[in-house]
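Q: This is the structure, below, for whatever I ask next.
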Amino acid sequence: MESPSGKLIIFTAPSGAGKTTIVRYLLQKFDQLAFSVSATSRAQRPGEKHGKDYYFLSVEEFRQAIDREAFAEWEEVYQGQYYGTLKQEIQRLWAEGKHILFDIDVQGALHLKKVYGTQALVVFVQPPSLEALEIRLRGRQTEDEASFKKRIAKAAEELSFAPSCDRVLINDDLETTLKQAEEMILSFIK
Ligand code: ADP
Ligand code: 5GP
């Protein structure tokens, strides 16, 4: 029998724009939502848990999963760092009767949109400016200088994809953003 299918709500943005903050808030607000845990080959950050924040794989394991066609989408988001959504993860959460929240890069988001059409909503989280993005990313204190530079270098290109997404959510004042995100979700899953 086919698993029941829910909706896909996909948050995308340059690193540091606020996706994780928004997604965490929505998960504690709505019981019907669950987070799609991605696979990645990047190093685990302090405090991150395997199976909760990511499935941490070696590059070799990641490539084997690509060859098995285990991914609904995957991208080499930064050179040598792979990220992807496992088909099994989507099936697992739909089998639990949930709508799925994603925090993925813009190429991956548009790929899922192509596959799932109106079942998917792509929300682009836009920082008020590139300067604000740099301040947030530095303030998070998770990246070394090389990783920080890679992320900022990619941000300008990523920002140009905002018009290709279903909605743009400007994350300036956080409280306002969270309220707007809540409204977007409610009108999409009702
Ligand atoms: P992402 O998941 O998109 O990389 P995060 O959610 O980790 O981004 O946010 C990056 C940093 O910016 C975090 O330290 C977070 O607390 C902070 N932040 C998020 N939204 C805002 C906001 N509206 N104003 C100021 N700081 C914010
Ligand atoms: P981070 O290393 O900061 O956790 O994530 C870096 C980037 O990879 C972010 O833009 C994040 O949204 C993206 N990302 C995380 N998981 C996936 C995924 O499964 N697929 C794709 N395409 N991008 C992902």
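The values are calculated or read from the model by the stated rules, or taken from the named source; none is laboratory data. Just so we're clear, the structure is a prediction, and the values are computed from it rather than from any experiment. Only protein heavy atoms, including side chains, enter the accessible area calculation; ligands, DNA and RNA are left aside. Shrake-Rupley method; radii C 1.70, N 1.55, O 1.52, S 1.80 Å.
Q: Hey, what do the phi angles of segment 88-97 turn into as Karplus ³J(HN,Hα) couplings, whole Hz, using 6.51/-1.76/1.60 and θ = phi - 60°, x for Gly and Pro?
A: Taking θ as phi minus 60°, the curve returns 4, 5, 5, 4, 4, 6, 5, 4, 7, x Hz for segment 88-97.
Q: Let me ask something additional. If you roll a 1.4 Å probe over the heavy atoms of the protein chains, what accessible area per residue do you get for the chain, in Å²? Please list the in-between numbers first.
A: Numbers: 10090 Å² over 190 residues.
The answer is 53 Å² per residue.
Q: Separate question: How far is the Cα center of segment 34-78 from the Cα center of segment 92-133, in Å?
A: A separation of 16 Å, based on Cα centres.
Q: Shifting gears a bit: Counting only protein heavy atoms and using a 1.4 Å probe, what share of the accessible area of the chain belongs to carbon plus sulfur, as a whole percent? Could the numbers behind the result be given before it?
A: Values: 5070 of 10090 Å².
The value for the chain is 50 percent carbon and sulfur by accessible area.
Q: How high is the relative contact order of the chain, in percent, counting Cα pairs under 8 Å that sit 6 or more residues apart?
A: Numbers: 289 pairs, mean separation 61.2, N = 190.
In percent, rounded to a whole number, it is 32.
Q: GNM, the chain, Cα, under 10 Å: largest mean-square fluctuation among 12, 21, 40?
A: With Cα springs under 10 Å in the chain, the top fluctuation among 12, 21, 40 is at 21.
Q: Among 127, 163, 46, which one shows the biggest mean-square fluctuation in a GNM of the chain, springs joining Cα atoms closer than 10 Å?
A: Result: 46 has the largest fluctuation of those listed.
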